Amino acid sequence: MLSAVEGEVESHAVCPQHPEREAVRTCARCGRYVCSGCEQENGQCRECMRLSALEVPDSRGRARRAVTALQFAAATDLLSLGLHSLLFLGVFTEEVRGLPATGVIFLNVGGGLLAQVFLLMWFHRVVRQLKALGQDIGDSPAMAVWWWLIPLANWVKPYHLMKEVATRLGGAHFAAALPLSVWWGANVLSRIMNQVDQRIIGKLETADGGMATTGALVGLIAAGSALAMALFSVQIIRALQEQLDQRRDGLEFGDGPVPEARAEAA
């Protein structure tokens, strides 16, 4: 939209929503003029940003599946915790120890892998939605998932990514209120104990009873840490998804013109 003062030849572009304000740029998507109050971080106008965000499927379904998978993983971790408690107390004899241990380990590994897959599917969709909302976390959705799988980097980077997502969704105070440090600490402890447990179990056939007891204790710590991690993961997913749902519900109703006070502040 162009505006000109009578008697002047030069015209200047103005914002369609605020004709009294001069435009600062054109929308990167539709090409309409936008003022400083209507301009979004991604270079789009408010309406195009809303439409772009709604084009990305929401993550509610993936969040539900991730929570269900994590709850199943928590149940298998609880079984593993009980098994290692019995092994530590010496309830199982050497002859009957193998069968229940094999079954629980099979369920535990399967449940953990399933939970990891659904968690990463949900996380990919969340990062994609944030990007559409103009809240880029610095990595593409695909790269944000790969950081969980890259050796060495996956000991630290996922924690920072999850914290960044929480900050983008609810601010620093919201992110600080989530049990992110405890969640990731439990994850690291579980992984360390699992590695130690695997090395000890390999020696059980030739080791004495003391080594077997130590192996059961390490497995007990690993299972307890994995259980805590799964439960904290459920809590974090629900909190983040709730924040994302609130944003998306607001977009679906559409945004009206920018309030005058907000436009003045911009």
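Couple of notes before you dig in:
- Candidates Val117, Val165, Val127, Val145, filtered to the one that is part of a helix (DSSP H, G or I), in contact with a His (Cβ under 7 Å, 6 or more places away or on another chain) and closer than 25 Å to Arg60 by Cβ: Val145
- Restricting the first member to the range 181-193 and to residues that are more than 15 Å from Gln235 (Cα to Cα), and the second to residues that are of a type outside the set (Val, Ile, Thr) and assigned to a helix (DSSP H, G or I), the beta-carbon pairs closer than 7 Å and six or more apart or on different chains are Val188/Trp155; Leu189/Ser225; Ser190/Ala222; Ser190/Ser225; Ser190/Ala226; Ser190/Met229; Met193/Ala222; Met193/Ser225.
- Within the range 173-201, the set of residues being aliphatic (A, V, I, L, M) and touching a Phe, Trp or Tyr at 6+ places or on another chain (Cβ under 7 Å) comprises Leu180, Val182, Ala186, Val188.
Taken together, the values in this text are just the output of simple stated rules run on the coordinates, not laboratory data. Please read all numbers here as calculations on a predicted model, not as lab measurements. Positions of Cβ are backbone-derived with ideal geometry, glycine not excepted, and every protein chain shown enters the neighbour counts.
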